[in-house]
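These notes concern the structure reproduced below.
Since every read-out is calculated from the coordinates, none of them should be taken as a lab result. Predicted model only: the values in this text are computed from it and were never measured. Positions of Cβ are generated from backbone atoms using ideal geometry, with glycine treated the same way; all protein chains shown enter the neighbour counts.
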Amino acid sequence: MNIVVCVSQVPDTTTKIAIGADGKTIEKSGVKFILNPYDEYAIEEGLQLKEKFGGTVTALTVGNDSSKDILRTALAMGADKAVLISDSVNSDTFAIASSIADYAKTVAPDIIILGRQSIDYDSFAMASMVGELMNLPSISMVSSWTINGTSITAERDIEGGKEVIETSLPCVISAQKGLNNPRYPKLPDIMKAKSKPIDAVAGASVPARVMTVSMELPQTQRRGIILNDSEHDITELVRLLHEDAKVI
Amino acid sequence: MKIIVLLEPSGNSIKRSSLESITAARALGATSIHGFMYGGEASAAHIAGEYGLADIAHTPAAEYSSTAAATSLAQFAKNEAATAVIVAANATGKEIAPRVAVKLEAGYIPDCVGLALVNGSIQGTRPVYAGKARIAVSATTAMSVYALRPNVFTARKADSATSVNVRTFTPQLSESDTRVKVTNVIRNEGKLDVLEADIIVSGGRGLKGPENFHLVENLADKLSAAVGASRAVVDAGWRPHGEQVGQTGKTVSPNMYVACGISGAVQHLAGMSSSKVIVAINKDKEAPIFKVADYGIVGDVFDVLPVLSQKIAAVTGK
């Protein structure tokens, strides 16, 4: 089975965000970058498929030199091959999806696996966009699935329940938390991954279809009324919720 | 400006998030707004008239297919020479909108919490980096597709209801359009999902153990609310993942969010900071949750929740 796993590099969630000099992106200096947490499920799923069906796992990312760190994590976890596709300045989700699709078409994967979202821009768009660009079926937020020959039965989380979906290989899926338990890379594998080759591929040169006009830090407009735990104050809270906020 | 709004059928009506999309389109001052509904009964669309939508195209479908829905919506938008397509950023919308955008060669702006007309084009505002920043985004293309975060835009009825014309739209579908099929939907019976609730009461590590969640459930019951949970208690196995609110769980915007014994780590705030009213109960007055709270009670959940439930029951009559 020819398995492609797409990963992305994102700022650590707990990192402090400051707006950069351009007023449209974050100030990157001092920010700790990590492998997008959902992509760990994607890598693990790819590795488990390989263990079950044989084949190869190729980890790819669209980024720059600093993105090699996350590819090395994928290699240390057990990916066979790593590909770094160069990103263009001011690219958007569509431009990145185009780069992934252009590369993936050259290797004709049976399955492309992504994390359900990148925790930087939370767009939830990549699985559907890559599927569309490659004319492949896609299922996002898969929480469990089975492959039988070329048939796929998957469960995906929706509001108030789950959808059971059927489709067939080749296809694109995005991994929901709980799909598996990602393995931790072992120290010798981390060391070995440092010297493994990373293929460099030029990204698609398509213009972005959206642009950021401005970025700002959110203004909180919360009431900030803090009370204590006396019965009087709890009664007052209920009154405020009922009469002022009118939520009960 | 011509806007197509995706209407999602729900029984004999359409989802509230679709009504929010109609209201958002009207607020932009669009001269022409058309609804598009895939699957469901044509009659379900009639409620849209109360929200000022007169023209609705309906594509009947015996079974739901995200790929076929995307192709149908894109073809309809193209036929109508629309300038924008608006969907809800829910499980359905987030799945099909990126495909629709690619088909229409349109810019896609997901998870909008604001829409504004700027120099004749629709600008979307959206949270990024776990809500620690907010960006304004515009499309560089002639057409654009927007997904609106549910329960952030308010659905408002029009001054007078419009009579609705539902016409059938028959898309040209190829075999590849129907490769993804929903064969079953498993409902969480008897349990309100945090994504569908007007009020959510969430519990965190302050509850000390799964056996104490009845305190949270009891308050939720008095408020007809859904029960939510922090990542810590889900990871500890106290509560199911479906209840998790936050970055690795669900992003919610209820009318009221009550955080009980939740410190308010940034991952949690990412999932609930767009709630309309936030109430926090925590014994640590320095807990970050108080910084985003409208109302807070500094106190132990074990002392506060029983009293609060009783006082709220007196108001709600439950």
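List of remarks:
- P(r) histogram, all alpha-carbon pairs of the stretch B:2-178 included - 10 Å bins from 0, percent: 10, 42, 36, 10, 1
- Across all Cα pairs in chain A, the calculated P(r) in 10 Å bins from zero up to the longest distance comes to 7, 27, 30, 18, 10, 7, 1 percent per bin.
- In Hz, Karplus ³J(HN,Hα) per residue of the stretch B:239-253 (6.51, -1.76, 1.60; θ = phi - 60°; x = Gly, Pro): 9, x, 4, x, 8, 6, 9, x, 4, 9, x, 10, 9, 10, 9
- Think of it as helices only: each DSSP H run of n ≥ 4 in chain A is worth -39500 (n - 2.57), and spread over all residues that comes to -8000 deg cm²/dmol at 222 nm.
- Too-long pairs where the Cα-Cα distance tops 20 Å, listed order kept, from A:LYS32/A:LYS177; B:LYS191/B:LYS222; A:LYS32/A:LYS196; A:LYS52/A:LYS162: A:LYS32/A:LYS177; A:LYS32/A:LYS196; A:LYS52/A:LYS162
- Contact order, relative form, for chain A: 24 percent (alpha carbon pairs under 8 Å, 6 or more residues apart, mean separation divided by residue count).
- Scanning chain B for DSSP H helices at least 18 Å long along the axis (C-alpha atoms) with a Kyte-Doolittle mean no lower than 0.5 picks out B:301-316.
- Listed by chain and number, the aspartates and glutamates whose alpha-carbon sits under 17 Å from that of A:LYS68, ignoring those within fewer than 8 places in the same chain, are A:ASP12, A:ASP39, A:GLU40, A:ASP80, A:ASP87, A:ASP189, A:ASP199.
- Under 5 Å from the amide H of B:ILE297 lie the amide H atoms of A:LEU227, B:ALA280, B:ILE281, B:ASN282, each residue being 5 or more positions distant or on a separate chain, with H modelled from the backbone and absent for Pro and chain starts.
- Checked against a 27 Å cut-off, the cross-linked pairs A:LYS246/B:LYS291; A:LYS24/A:LYS186; B:LYS283/B:LYS311; A:LYS28/A:LYS50; B:LYS285/B:LYS311 give Cα-Cα distances beyond that limit for A:LYS24/A:LYS186; A:LYS28/A:LYS50.
- Sequence-distant residues sharing a close amide H with B:GLY203 (under 5 Å, placed H): B:GLY228, B:ALA229, B:SER230, B:CYS260
- Pairs of Lys residues in the stretch B:2-178, spaced 8 or more positions apart or belonging to different chains, with C-alpha separations under 21 angstrom: 8 in total.
- Residues whose placed amide H lies under 5 Å from that of B:PHE169, excluding near-sequence neighbours: B:HIS58, B:THR59
- For the protein assembly as shown, with +1 on Lys and Arg beta carbons and -1 on Asp and Glu, the positive-most of B:LEU104, A:GLY178, B:GLY120 along the dipole: B:GLY120
- Placing unit charges on the Cβ atoms of the charged side chains and taking the dipole of chain A about its Cα centre, the candidate lying farthest along the positive direction among A:SER140, A:VAL130, A:LEU75 is A:LEU75.
- Report summary: the helix-based calculation at 222 nm, which adds -39500 (n - 2.57) for every DSSP H run with n ≥ 4 and divides by the residues of chain B, gives -7000 deg cm²/dmol.
- 11 Å beta-carbon shell around B:VAL85, net charge (K/R +1, D/E -1): +2
- Put a dot 7 Å past the Cα of B:GLU189, heading toward its Cβ, do the same for A:SER205, and the two dots end up 6.0 nm apart.
- With bins 10 Å wide beginning at 0, the percent of Cα pairs of the protein assembly as shown falling in each bin runs 4, 18, 27, 27, 18, 6, 1, 0.
- Placing +1 on the Cβ of every Lys and Arg and -1 on the Cβ of every Asp and Glu, with nothing else charged, gives the stretch A:2-201 a dipole about its Cα centre of roughly 640 debye.
- Computed from phi, the 3J(HN,Hα) profile of the stretch A:191-197 under the Karplus parametrisation 6.51, -1.76, 1.60 (θ = phi - 60°) reads 5, 5, 5, 5, 9, 6, x Hz, with x in place of Gly and Pro.
- Descending semi-axes in Å of the stretch B:75-169, equivalent ellipsoid built from Cα gyration tensor: 23, 18, 14
- With θ taken as phi - 60° and the Karplus curve 6.51 cos²θ - 1.76 cosθ + 1.60 applied, the whole-hertz 3J(HN,Hα) list for the stretch B:173-185 is 10, 9, 4, 5, 6, 10, 6, 9, 10, 7, 9, 7, 10 Hz, x standing for glycine and proline.
- Highest mobility in the GNM of chain B, judged by mean-square fluctuation with C-alpha springs under 10 Å and restricted to B:GLU189, B:GLU20, B:GLU41, is found for B:GLU189.
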